[in-house]
Structure formats: structure tokens, C-alpha cells
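Data block below; observations after.
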Amino acid sequence: MQLKAENISFRYTDDGPFVLKDITLEVNSGERVGIVAPSGYGKSTLAKILSGYRLPEEGKVLLDGKPLPMTGYCPVQMVYQHPEQAVNPRHRMDKILNEAWQPDDELLRKMGIEKSWLTRWPSELSGGELQRFCIARVLGPETKFLICDEITTMLDVITQAQIWHLLMEISEERNLGMMIITHNMSLAKRVCTRIVDLTKLNNVHSHTHTHIHDHEHGDEDHVH
Amino acid sequence: MSEEKKTVLNVEDLTVAFNMYQKGAFKKTDLEVIHKLSIDVKEGEIVAVVGSSGSGKSLLAHSILHILPKNAKVGGKIEYCGKELDDKYVKELLGRDIAFIPQSVDYLDPLMHVDKQVIGVYGNKERQREVFDRYHLDERVDTLYPFQLSGGMARRVLISSAVMEEPKLIIADEPTPGLNVEMAMETLNNFRELADKGTAVLMITHDIDLAFEVADRIAVFYAGTVVEIASTLDFIMGRGFLRHPYSAAFVDALPQKKFKPIEGTQPYAGNLPSGCLFADRCPYRDDECAGEIPMRDLRGGKVRCVHAT
């Protein structure tokens, strides 16, 4: 399968500056594509568009030539940077885990999720433990592409290595396609099969701004 | 040895517990999250704090600044330049002698232009512009509200507010995520400059590469305590020079090194083993590890392990 962004342009307000302009990018099943760019270049915006959380102003997101489904289980799933903000604080972990599908014991064992965690509240788990739930939650059988937006940035290096080894194994086993957003070049080199520099793809900055920090008015990573 | 450097921050046997409801119980009990933690930062020195997520790194910063939640019980000693740093004293010093860079950008006031926040009580407009220029925040940024900033910009605003004056102590809790490498380096160079003028910096970070670049010493946290403090050089030299098996595992897991994780997870604060906190993941564990493990001096550093050599 192929997930394709075709001439995507996006801005947050009708007359604001473009955050993404004419982006074309493909991710094939089995590929792990790294997206690197400095902060403010629209990486997270691109992630949200590719997983269907935002609609582009121009251009299309195509899954094997067809638009993403607007109802039902989306085959393109996203994992966020801050797991504590991606779970409902008033749900216990078992409810969070089973939101979209019922992961089996085998997957939980592989993900390093302990049975005793299932009855806890999100605030009783560390970031690394929570992130395991957020990943297991989106690995339903219908998931074909996984968009990872800085998913281990807030985690310690041992947990980071654990999670990536696991994800690489799962992506190979299930022939998942992955888009991996990261600042960490050494990590990208370790986990990606291909690395794309968004600054080279994105036509919004190259001729209007010479300095990389100048365009950030109203861009993607809003303070949460 | 030349002149003895003055100790700016001294933390001894710090213990933090939260009085809270445990699962299923109707009575509040104490959940100890930091156990007998000792660390010091000298004048002109950058000490980096690294370690597993949820090991109490931010809690250390919050204990020093007295901004822990109300149900926290704090034991042990925290001193600033030899004087006990109590609630009142820290309020006097904060913003001038002590600067804090919080981990979350939520610490900005959502209803105030960022230039006013950075100027604060003691700063002035001129200095604020100078600092913003250094961090590539142009004049348009001055009158933005925090929600209009990108993650990286908000981070730079937080850093700016800490370097407005020349503080004697900077406590930085993850100052660099969201910044590109150049900007992160610029921040750390700024810390280094301040340190070379005598500022003591306690920097909590996940970015070990950056810690390697500027820190003088590195403290490794695990499950609420310090397992090793050693010179940055020992960490750069690699696992053979480190003292604690967790530090070695930490270095092995770096993507730029072996990218090889050890199994298991850090124990939960409510369910800690009696002896060494790392024992269940440690390849060298034996009966001795079940007893009390004190911090001891070893090869110019400190380690909390009975087997370290």
C-alpha cells in the first residue's frame, strides 16, 4: 500500500502565512520514513494532515489512490509526543487501551505492558509506560500506516531504545508503513529506512525567508 | 588543586513523599518518591541530571524551589551558599539570584504578552530585546501571547527569562526539547558563558549529547535517587569508566552508541524493593544487594552500588 501526500498546502488562518506549501511525499508499506526539520517547519502539521486530523487547504492525502475514510477505523493512525495529553485522565488504563480494539495478551507482553498497570489511572504511570499504551492502542489489525510525532522525545534513552526496537519489529512483521518525525538525527539513522528533509520539500520557506527562525508566527506546535 | 570553589547549591539526604490515597484504600498513606538524594553544584559548574523518566528529576527542581504540591512532605537539607533555603528565602532570591527554566511551556502566563513576562519585576525593555535577539525572537514576537508561539519559540522565551540577569544559580528543567540543534547549542553555550562567570547550573536533560558538550559533571537518577555522579569525561569515555550498572546501560541505549536497551522498567514508587532499586534489572545482583545501599566515593565520583569498582 501507499500513503501519499499530493501537493499539500496548509495554513492556520485564511490570510495567514502558509505552513506547508506544495508538499508531495509518499510512504510505502514496510518503509520507515524519517522526517527531519527544525522546529516550526510544519512537521507536526504534516503529521496531522496525513492521519486525517486536519484537512489541507489544497492538495490531497491518498491511500492507494483513494482519499482517507472519514468514518470508521482510519488505517492511518498517529502517536503523539506527549502521551499524558493523549489519554483521558478519567479513564483507567484498560479502558484507554481498548478504545479502538482489543489488543491480546501476546501484544501486551511484547509491548512490556504489565497486567497490574491496567487498573491504574494515567497519572500513576510514567511517560514511557503511558506511551506503550498509546502505541498498543493504535496497532489494531486495520492499521496500515503509523505516524509517529516525536514519540520518544520525552522518554529516557533506555525506554526509547525499547520502544523503537519493538516498533521496528512490529512494522516488519506486519509490513506497516511508518512516518517518523524526530529532531534526533542519530535516532533517525537507527530506525528509518529513508530520511526526508522537510526544509527541502517545503516550498514555503525557501524563497521568502533566509533565516530559519523567522517564519514561526502562527505555526504548528502551539503551546499546549 | 587551586582555590576551592564555593558550593552554591547543596542538597543532602532529600526525601520527598506524597500523602495520597493508594488504590483501594480509604486512608491516605505516604508515597515516597525521592529517597535520600544528595547532590551539590559549585560555583562556575554545570551539573547535568540525566536518568529514566519518572525518576524524580523534576521533583528535585521543584523541591529546591518550594513549588511542590501541598500534599508533599519534604525531608533532608537544601542549602544555598551555605544557608538553608527555606520557602521565604527562595522567594527573595527567585528572579534575581536564582533562575528557573520550567519543563513545561504551560508556565507562561496565557494572558500576558511575552515581552512583559520576560521583563518581569527586575528587568528592562532594552535587556529583553538584547536577549530575544540572541535567541532569534524578532520584534513581532514581543507582543504575542503564549498560544501564538510554536513549541520551540515558547521554549526560547522561557530561556530568555532566565538569562535576563546574571543569576548565581540556574535550575533548568529540560531546557532544550523542541529546539533545533543550533538553538539548543546556543542555549547551552549561553549557560557555559554564565558558568564561566561564576553561575552554578543544575540542568535536567534527556539530551545526553548536549550534556556531554557543556556539563562538568553528570548525575544519573533512577527510581527517585542518584545512582552515580561522575565527571562528564567518564561518560564520554564509555561504560568501562562508569561505576553503576544503570549508567552503563543508559550509555549503551543511546542511538549514537549501541542503541541496545536492557529489559524491564523502573519500579513504581509504591512498590519499591528493599535494597538496591536497580537489582531486578541488574546482571551483577547477589544477596548483598538486598541490604541498605549507601552512596560512596569511588574514583573521583560517587556511586550507590556495593559491587562497583
Rounded to 5, the percent of DSSP beta bridges in chain A classed as antiparallel: 45 percent
- line: Spelling it out for B:Ile170: with amide H atoms placed in the peptide plane at 1.01 Å from N, the residues 5 or more places away or on another chain with amide H under 5 Å from its amide H are B:Ala99, B:Ala200, B:Val201, B:Leu202
message: Given a 10 angstrom Cα cut-off, can you work out which residue in A:Thr143, A:Thr159, A:Thr71 is the most mobile in a GNM of chain A?
response: A:Thr71
query: Hey, if you put +1 on the Cβ of every Lys and Arg and -1 on every Asp and Glu Cβ in the range A:6-88, which of A:Gly42, A:Gly59, A:Ser29 ends up farthest toward the positive end of that dipole?
result: A:Ser29
- request: Could you tell me how many degrees, from 0 to 90 and to the nearest 10, lie between the Cα long axis of helix B:125-134 and the main elongation axis, the longest principal axis, of the Cα atoms of chain B?
  value: 60 degrees
statement: Taking r as the C-beta separation of B:Met237 and B:Arg140 and R0 as 41 Å, the FRET efficiency to the nearest 0.05 is 0.35
- prompt: Quick one: putting +1 on the C-beta of Lys and Arg, -1 on the C-beta of Asp and Glu, what dipole do you get for the range B:206-291 around its Cα centre, in Debye to the nearest 20?
  reply: 160 debye
field: DSSP-loop chymotrypsin sites (Phe, Trp or Tyr not before Pro) across the range B:191-289, with at most 14 other Cβ within 10 angstrom
entry: B:Tyr284
task: Can you find, among B:Cys276, B:Gly291, B:Ile236, the residue farthest towards the positive end of the dipole of the range B:229-292? Put +1 on the C-beta of Lys and Arg, -1 on that of Asp and Glu.
output: B:Ile236
query: Given just the C-alpha atoms of the range B:1-133, how large is their convex hull per residue in cubic angstrom?
result: 179 Å³
- request: For B:Lys125, list the aspartates and glutamates whose Cα falls under 20 Å from its own Cα; do not include residues on the same chain fewer than 8 positions away.
  value: B:Asp97, B:Asp109, B:Asp115, B:Asp133, B:Asp138, B:Glu139, B:Asp142, B:Glu165, B:Glu166
query: Loop-only check: which chymotrypsin sites (Phe, Trp or Tyr not before Pro) in the range B:1-80 are DSSP coil with at most 14 other Cβ within 10 angstrom?
result: B:Phe26
Stretch gain in nm, segment A:Lys66-A:Met185, where the contour uses 0.36 nm per residue and the Cα spacing is subtracted: 39.6 nm
statement: The extension gain from A:Glu57 to A:Arg194, computed as 0.36 nm times the residue separation minus the Cα-Cα distance, is 46.6 nm
- prompt: Which is the longest part of chain B that has none of the trypsin sites (Lys or Arg not before Pro) sitting in a DSSP loop with at most 11 other Cβ atoms within 10 Å?
  reply: B:71-196
- request: Could you check how many percent of all C-alpha pairs in the protein assembly as shown are farther apart than 35 Å?
  value: 37 percent
Dipole in debye (nearest 20) - the protein assembly as shown, about Cα centre, beta carbon charges: Lys, Arg +1; Asp, Glu -1: 960 debye
statement: Each residue of A:31-42 has, on average, a number of other protein chain C-beta atoms within 10 Å of its C-beta equal to 3
- request: Please work out the Kirkwood hydrodynamic radius for the range A:150-204, using every pair of different C-alpha atoms, and report it in angstroms with one decimal place.
  value: 12.4 Å
message: Viscosity 1.306 mPa s, temperature 10 °C: what is the translational diffusion coefficient of the range B:87-209 from Stokes-Einstein with a Kirkwood Rh over Cα pairs, rounded to a whole number of µm²/s?
response: 110 µm²/s
message: Can you divide the C-alpha Rg of chain B by 2.2 N^0.38 Å and report the result to two decimal places?
response: 1.03
query: Which residue fluctuates the most in chain A, going by a Gaussian network model with Cα springs under 10 Å, if the choices are A:Gly52, A:Gly72, A:Gly42?
result: A:Gly72
- prompt: Pick from B:Ala248, B:Ala99, B:Ala172: which residue has the top mean-square fluctuation in a GNM of chain B where Cα pairs under 10 Å get a spring?
  reply: B:Ala248
statement: Percent relative contact order for chain B, counting Cα pairs under 8 Å at least six residues apart, stands at 20 percent
Hz values of 3J(HN,Hα) by residue in the range A:139-153 - Karplus curve (6.51, -1.76, 1.60), Gly and Pro given as x: 8, x, x, 7, 6, 10, 10, 10, 9, 10, 9, 6, 6, 10, 4
message: Could you work out the relative contact order of the range A:86-162? I mean the mean sequence separation of Cα pairs under 8 Å and 6+ apart, divided by the number of residues, in percent.
response: 37 percent
message: Quick check: net charge around B:Ala308, other residues with Cβ under 14 Å of its Cβ, Lys/Arg +1 and Asp/Glu -1?
response: +2
message: What three numbers, in Å, describe the spread of the alpha carbons of the range B:181-229 along their principal axes, ordered from the longest?
response: 31, 25, 13
- request: Mind scanning A:Lys115/B:Lys260; A:Lys43/A:Lys200; B:Lys5/B:Lys302; B:Lys28/B:Lys70; B:Lys6/B:Lys83 and naming the pairs with a C-alpha gap bigger than 21 Å?
  value: A:Lys115/B:Lys260
- prompt: What is the antiparallel percent of DSSP beta bridges lying wholly in the protein assembly as shown, to the nearest 5?
  reply: 55 percent
query: Cα atoms only, the range B:248-288: Rg and Dmax in Å?
result: 12.2, 35
message: Strictly under 4.7 angstrom between C-beta atoms: which cysteines of chain B have no such partner?
response: B:Cys81, B:Cys282, B:Cys305
query: How much mean residue ellipticity at 222 nm does chain B get from its helices, if each DSSP H run of length 4 or more adds -39500 (n - 2.57) and you divide by all residues, to the nearest 500 deg cm²/dmol?
result: -7500 deg cm²/dmol
task: Please work out the Kirkwood hydrodynamic radius for the range A:15-166, using every pair of different C-alpha atoms, and report it in angstroms with one decimal place.
output: 16.8 Å
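A short reminder: the numbers here are calculations on the coordinates, not readings from a lab. Since this is a predicted model, take the numbers as computed values, not measurements. When we count neighbours, we look across all protein chains shown, and the Cβ atoms used for this are built from the backbone with ideal geometry, even at glycine.
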